[in-house]
1. Just check the stretch 12-412 against the gyration tensor rule for me: Cα atoms, a ≥ b ≥ c as the square roots of the eigenvalues, rounded for a/c under 1.5, and otherwise prolate or oblate depending on whether a/b exceeds b/c.
2. Once both labels are modelled 7 Å past Cα along the beta-carbon direction, what's the Tyr58-Asp410 spacing in nm?
3. Kindly report the accessible area of the chain per residue (heavy atoms of protein chains, probe 1.4 Å, no ligands, DNA or RNA), in Å².
4. Out of Leu143, Trp403, Asn173, whose Cα points farthest toward the positive end of the dipole of the stretch 12-412 (charges: +1 Lys, Arg; -1 Asp, Glu; placed on Cβ)?
5. Compute the Cα gyration tensor for the stretch 222-278, then decide on rounded, prolate or oblate, letting a ≥ b ≥ c be the square roots of its eigenvalues: rounded whenever a/c is under 1.5, prolate when a/b is larger than b/c in the other cases, and oblate in all that remain.
6. Please give, to one decimal in nm, the separation of the simple spin-label points placed at Asp357 and Asn297, each 7 Å out from Cα toward the Cβ.
7. Please report how far the C-alpha centroid of the stretch 163-204 lies from that of the stretch 284-338, rounded to the nearest whole angstrom.
8. Using a 1.4 Å probe, how large is the accessible area of Asp84, given in Å² and rounded to the nearest 10?
Amino acid sequence: MNNTRKFPEGFLWGAATSAHQVEGGMCNDWSEWERETAKSLAQNAKSKKWARHIMEKYPSPLEKENYISAQAVDHYNRYEEDFDLAKSLGHTAHRFSVEWSRIEPKEGEFNKKEIEHYRAVIQALRTRGMEPLVTLWHWTIPLWLRDKGGVNAKKFSYYFARFAGKMAEEYKNDVTYWITLNEPNVHTGHAYGQGTWPPHKRSPFSYMYAVGALLHAHRDAFNTIKRSCPKAQIGIAKNNIYFEAYKGRMVNNILKYMADWWWNKYFLDRIQDYQHFIGLNHYFHNRINYGFNKNENKNISDMGWELYPESLYRVLMDLKKYKKPIFVTENGLADARDIMRTEFIRSSLHSVLRAIDSGVDVRGYLYWSLLDNFEWDKGFWPRFGLIEIDYKTLKRTVRQSAWEYKKIIDEYKI
Ligand code: BGC
């Protein structure tokens with residue numbers, strides 16, 4: 001990176017988590033699903049080839065425990081310790097989610113104790129000088145709503161907006177940045193497109209219905225939050241992919257156009273008047289060469305995902321046309337040995353700086369994730385954390401890359 005360049009004043013530096021992946025003690029659609037599927041997920045893992053560095057850590061992909069979130073990393077009880085670490089790592093912001101199933105465990109009944117819990121979490125960030133970015137829905141559904149059909153329940157947007165309104169009412173004095181939905185396209189794709197995540201409904205009709213339901217839910221939540229909290233800044237966290245038309249060939253360009261339209265733009269276009277900022281979650285480059293995913297894969301993470309930090313610049317440039325502030329609300333990699341993370345963060349931030357220089361209004365970068373955590377249907381084995389978790393003792397150990405990230409923050413912060 002060019003040493004003379006600084007990031008804009010007030011740029012937010014930090015990391016992100018989500019409730020289900022770190023808190024532990026969940027009772028929602030996912031925790032139920034894990035109990036039902038853990039055995040078969042562990043069984044299926046036997047047919048894959050696993051690297052030694054993954055197998056030697058606990059829990060390994062072949063163990064049933066890997067697929068059950070259970071106590072996760074006990075962040076519910078240890079958030080103060082975790083935020084102390086984040087502060088010592090130079091973070092000035094943190095993105096986390098409030099768990100709907102804790103706050104509204106029964107339809108229409110809000111749990112005071114849990115509301116106070118998250119108030120304390122927000123306060124813990126504030127007292128450490130860290131800006132909270134609050135996600136309202138990071139994929140998990142309370143059981144009462146799951147039983148009505150989850151995202152595809154008749155009145156989903158009404159229920160979600162009611163929950164969002166309650167949160168805004170409670171935390172309006174302490175929270176500015178609200179992220180209503182995390183990656184609506186990823187959720188609908190897995191849950192209804194491929195049918196690999198709860199509720200396991202593979203059907204084009206359910207898929208399209210769910211996309212529409214989440215659009216409504218966001219717009220209704222936007223209006224409700226705005227009513228209680230006029231100063232609120234509201235957006236979604238959108239997973240965008242850099243689709244590259246290899247060598248500009250016509251077929252590749254046509255496929256790129258279609259993929260961009262559906263995956264990257266469709267949702268954002270439809271909520272243009274209902275967002276103050278764009279949250280960008282970015283992980284993937286997809287090179288199109290008479291078919292998708294013809295990547296070179298020179299560098300890959302533990303999950304086999306290509307590491308291609310240049311793509312962050314490309315997707316940021318594509319978002320410029322929306323003329324909104326952008327926060328990178330997720331960007332990261334699974335790297336148990338911590339041998340690629342420093343370089344990945346460094347070059348990703350280089351991409352951010354290039355985009356800023358080209359006129360994109362990027363206001364923050366939140367690495368995924370602060371802590372190793374429960375990676376949905378993959379379980380615990382993928383290690384995304386700046387902080388390593390020993391899943392036997394729950395001991396936290398700061399990875400070297402987290403210190404390197406701190407150096408970058410110190411160097412580039414105004
Ligand atoms: C999700 C996170 C997930 C991360 C890594 C994002 O799509 O928001 O919950 O852990 O990717 O897969």
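1. Here the stretch 12-412 falls in the rounded category.
2. 3.5 nm
3. 41 Å²
4. In the stretch 12-412, that residue is Leu143.
5. Prolate, since a/c reaches 1.5 and a/b exceeds b/c.
6. 3.3 nm
7. What the calculation gives is 22 Å, centre to centre.
8. Approximately 80 Å² of Asp84 is accessible to the 1.4 Å probe.
The values are calculated or read from the model by the stated rules, or taken from the named source; none is laboratory data. Since this is a predicted model, take the numbers as computed values, not measurements. Virtual Cβ from ideal backbone geometry, glycine too; neighbours counted across all protein chains shown. Just so you know, the surface numbers come from the protein's heavy atoms only, side chains and all, with ligands and any DNA or RNA stripped out. Shrake-Rupley method; radii C 1.70, N 1.55, O 1.52, S 1.80 Å.
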